[in-house]
Amino acid sequence: RPTVYNAFVSQMTAVAQAAIADLQPAQIGFTRMTGFDPTNRVNRDRRGENNDLDYGPNNERIILAEPRSMDDDQLFVIRVDTAAGDPLAVVPVFGMHGTIHSERNTLISTDSSGGVERVLEESFDSDVLVMHLQGAGGDVSPAGLGAIDCSGRKVCADFGRPESIGHYALTEIRDAYDAAGASMQTDVPVEMLTRTVPLGPDWRTFSIRDGALEYAPFVASRAGDGVVYGADDQLVSPIDEFAAPFGAALCGSGDDLVIRLPRTILRGADQLGDYSYWGCNRVEAIDNVLSTLVDIDFEEAPFCETTRTVVSALRIGDWMIGTLPGEPVTLLRNHLQELSPMGPERTIVVGYAQDHGGYLLRPEDWLSGGYEPSISFWGPLEGEYVAEQTAALMALAVTDEREDATADGVPRPTTPVRPENLTIDDAMNAGTVPATLPSVLVTHDLQMPASAQPASQVERMQSVFFTFIGEDPLRGGTPRVFVEREVTPGTWETVVRRSGRPVQDGDLLLTWSPDPPPPTASTSRTHYYTVEMQVASPLGMPGLDAIADRWGMPEGNYRFRVVHSMYEVTSDPFEVVPATFEASVTTSGTAATVTLGAQNDHGFRLLSLQDGTRSNGLVPLQGSELTVTIDPGAGMVRTETLTTDDAGQVTVMDAVGATVTLTDRFNNSVVVTP
């Protein structure tokens, strides 16, 4: 769609131009650490089908007696400093799907990578750019701590879990960052090569391992001989089972398949239930079904996007970076590192780069079944073929000669333009605050605010809302929302993080509610936007860096300021006041055990790293020092200092019958009478 495509291209071009205009002397360092995340709190294996598979020095298949986890335990960090040694950028590279959020999340948001980036950025005292790049993410899922309970909720997203991944990864990434600082360089040879390489439909393209593995000619009417592995337990070549002249989709085995139609599957596939061939549907026979399934009109087979892809190799000094246009699994990443002229220790493989050809697997891995073979088009040899094409560019990048990378490539396809009949609304009352809220208003958890303006007073840990009327998103983009605090009467300052960035995404949720909503056709809709903030200290709040400090957002008057290219609007002030703890009391003799916490059924911030604690439930006050005042009457008041345990409990002796006031270091409190 031109509207989306042009917006991306124009913004990326502007960023590149700004970077070039701001060039300055710098220094760069690299490091590689193995054994990353040994307890699987950051990432974990997601594909079990290849856990018993390995390879020997000549690419021979080895079946392990003891299967092992295949998560990505390699951490690479690229560090860039100014010439004076001030930090500019950190690029951590490791594999981890961005699959925390699902279709239940209705908001455009970051996922696991965003959690890593935000937490790492706020570990610095300046505006350091952090950019997580994917390594072998194809068979690696994000881990993290479940922070939100989505059971029984129609619209729900665990916005706290990605941040928990950032906290779990922080120490190891900072250690690697420090290690990279030991070998910073200011003058290094740099060469980058990019090539568009052919894929199908020519079966001869996919010859790998110096010709040891290749396809038989693609003939749709031919059934394979059913012999996949020979007597030596290695793949038989040429491979005649993948007889798909225009490619095949939805390959795989068992319950991982979406569609399997008798007239579209590979001939002879019914006899290959142990292999991914079993589910392969020939593209030219199933394209009408696919068009209906994903609501896209495909061109006649072969689909243009499946006939070529893009790979790159970037040499920086004695380090090599290779890109793969899809989701490489760990075994394929390891193979490309072995092919690299720099060796595995100095070769960084970046997945999800420049294109998406599905999951990239080695042939024996592809044949093992599961979900991953289902979203590639050219069978078991495609992934390793693409890796070999990247390795060929790596070999050119290490020479002193400046090569023409396109010489052995194919032309890049022109970008197809889809017809659009989008009409931008003549938005009504943009830049104003509605007097009443519409019934179509949507928030992240379908909670209806009491009014458009924030409540005049909000306790910590509760939620505050502001609804305003804006423009059609197609005109001027998404509005930016800032939080401001009154520092002196009538003087407001933007609330910033430790790094100096303004508090925005991650701490604020912004929803859009057009009225009337789609699919009603209208050119005069009203566009309502609602910003929601849970009153907890923002990530990176100066002096309040720990998660336990989230109970301590500074008291005072705040407001929201909305900035758009065509309007600006400010909310009424709201006062942040200390929380009144939720408290329950049990007694034993004269002692009282008090459990303290906060309840917000719609909370979305990460408030604890203790497993089982849910931010949209009762959050215990964990490990907090309390001032406890016990007043039994008759002027016998006494004061104690106690600390809550992981359940938010303290036991107060000789408290039964007395008035007990419990106050934390942020002046949140509650009074109980055991």
Open item on the list: Return the residues of segment 507-558 that are closer than 21 Å to THR171 by Cβ, small (Gly, Ala, Ser) and open to solvent by 10 Å² or more (accessible area, probe 1.4 Å); say none if nothing qualifies.
Closed with: GLY543, ALA546, ALA548
Open item on the list: If PHE298 meets every condition in (1) touching a residue at least 12 places away in the same chain (Cβ under 8 Å); (2) surrounded by fewer than 16 Cβ atoms within 10 Å (Cβ to Cβ); (3) of a type in the set (Phe, Trp, Tyr) apart from one, which number is that one?
Closed with: (1)
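Residue by residue, here is whether (1) open to solvent by 90 Å² or more (accessible area, probe 1.4 Å); (2) in contact (Cβ under 8 Å) with a residue 40 or more places away in the chain holds:
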site	(1), (2)
MET12	yes, no
PRO38	yes, no
ARG41	yes, yes
ASP45	no, yes
ILE63	no, yes
GLN74	no, yes
ALA83	no, yes
Task: Every pair of residues 6+ apart whose Cβ atoms lie under 6 Å, when the first sits in segment 260-286 and is open to solvent by 40 Å² or more (accessible area, probe 1.4 Å) while the second is small (Gly, Ala, Ser) - done: ARG260/GLY279; ARG267/ALA223; GLN271/GLY226; TRP278/SER253; TRP278/ALA269; GLU284/ALA301
TODO: All but one of (1) in contact with a strand residue (DSSP E or B) (Cβ under 6 Å, 6 or more places away or on another chain); (2) in contact (Cβ under 8 Å) with a residue 24 or more places away in the chain hold for LEU331, so report the exception by its number.
DONE: (1)
- [ ] Can you give me the number of residues within segment 618-653 that are touching a residue at least 60 places away in the same chain (Cβ under 8 Å) and touching a strand residue (DSSP E or B) at 6+ places or on another chain (Cβ under 7 Å)?
- [x] 7
Open item on the list: Tell me yes or no: at least one residue of segment 390-407 is part of a helix (DSSP H, G or I) and open to solvent by 60 Å² or more (accessible area, probe 1.4 Å).
Closed with: yes
- [ ] Give segment 114-139 a look and list any residue that's among the small types (Gly, Ala, Ser) and open to solvent by 30 Å² or more (accessible area, probe 1.4 Å), or say none.
- [x] SER126
TODO: Residue by residue through segment 578-606, note down the ones that are surrounded by fewer than 16 Cβ atoms within 10 Å (Cβ to Cβ) and touching a strand residue (DSSP E or B) at 6+ places or on another chain (Cβ under 7 Å).
DONE: THR580, SER584, VAL585, THR586, ALA591, GLN599
Task: Answer from ALA243, ALA231 - the residue that is open to solvent by less than 40 Å² (accessible area, probe 1.4 Å) and either small (Gly, Ala, Ser) or assigned to a helix (DSSP H, G or I) (or both) - done: ALA243
TODO: Please work out which one of (1) more than 23 Å from the chain's Cα centre (by Cα); (2) farther than 30 Å from GLY181 by Cβ; (3) assigned to a loop (DSSP other than H, G, I, E, B); (4) not hydroxyl-bearing (Ser, Thr, Tyr) is the condition LEU23 fails and give its number.
DONE: (2)
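Any residue that is in contact with a helix residue (DSSP H, G or I) (Cβ under 8 Å, 6 or more places away or on another chain) and surrounded by 14 or more Cβ atoms within 10 Å (Cβ to Cβ) - is there at least one of those in segment 657-664? Reasoning before the result, please.
Restricting attention to segment 657-664, the residues satisfying the condition of being in contact with a helix residue (DSSP H, G or I) (Cβ under 8 Å, 6 or more places away or on another chain) are 664.
Next cut, surrounded by 14 or more Cβ atoms within 10 Å (Cβ to Cβ) only: 664.
Looking for residues that are in contact with a helix residue (DSSP H, G or I) (Cβ under 8 Å, 6 or more places away or on another chain) and surrounded by 14 or more Cβ atoms within 10 Å (Cβ to Cβ), one finds at least one in segment 657-664, hence yes.
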Task: Top-ranked residue in segment 437-478 [being charged (D, E, K, R) and open to solvent by 30 Å² or more (accessible area, probe 1.4 Å); ranked as farthest from CYS156 (Cα to Cα)] - done: ARG475
Open item on the list: For the condition farther than 30 Å from GLU191 by Cβ and out of contact with any helix residue (DSSP H, G or I) (no Cβ under 8 Å at 6 or more places or on another chain), what is the one hit in THR292, THR307?
Closed with: THR292
- [ ] Please go through segment 537-548 and pick out each residue that is touching a residue at least 40 places away in the same chain (Cβ under 8 Å) and either more than 23 Å from the chain's Cα centre (by Cα) or under 16 Å from GLN447 (Cα atoms) (or both).
- [x] PRO542, ALA548
Open item on the list: Looking for something within 25 Å of GLU163 (Cβ to Cβ) and out of contact with any Phe, Trp or Tyr (no Cβ under 7 Å at 6 or more places or on another chain) - is there at least one such residue anywhere in segment 60-75?
Closed with: yes
TODO: Determine which member of the set ASP233, ASP225, ASP240 is touching a residue at least 60 places away in the same chain (Cβ under 8 Å), over 15 Å from ILE265 (Cβ atoms), out of contact with any helix residue (DSSP H, G or I) (no Cβ under 6 Å at 6 or more places or on another chain) and not aromatic (Phe, Trp, Tyr).
DONE: ASP233
TODO: Considering each of PRO517, PRO489 in turn, give the residue that is over 23 Å from SER126 (Cα atoms) and modelled with pLDDT of 95 or more.
DONE: PRO489
TODO: For residues that are basic (Lys, Arg) and modelled with pLDDT under 95, scanning just segment 140-178, find the one that is surrounded by the fewest Cβ atoms within 10 Å (Cβ to Cβ).
DONE: LYS154
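The values are calculated or read from the model by the stated rules, or taken from the named source; none is laboratory data. These numbers were taken from a predicted model, which means no experiment stands behind them. Here the Cβ is made from the backbone with ideal geometry for all residues, glycine too, and neighbour counts use every protein chain on show. Keep in mind that these areas ignore ligands, DNA and RNA; they rest on the heavy atoms of the full protein, side chains included. Shrake-Rupley method; radii C 1.70, N 1.55, O 1.52, S 1.80 Å.
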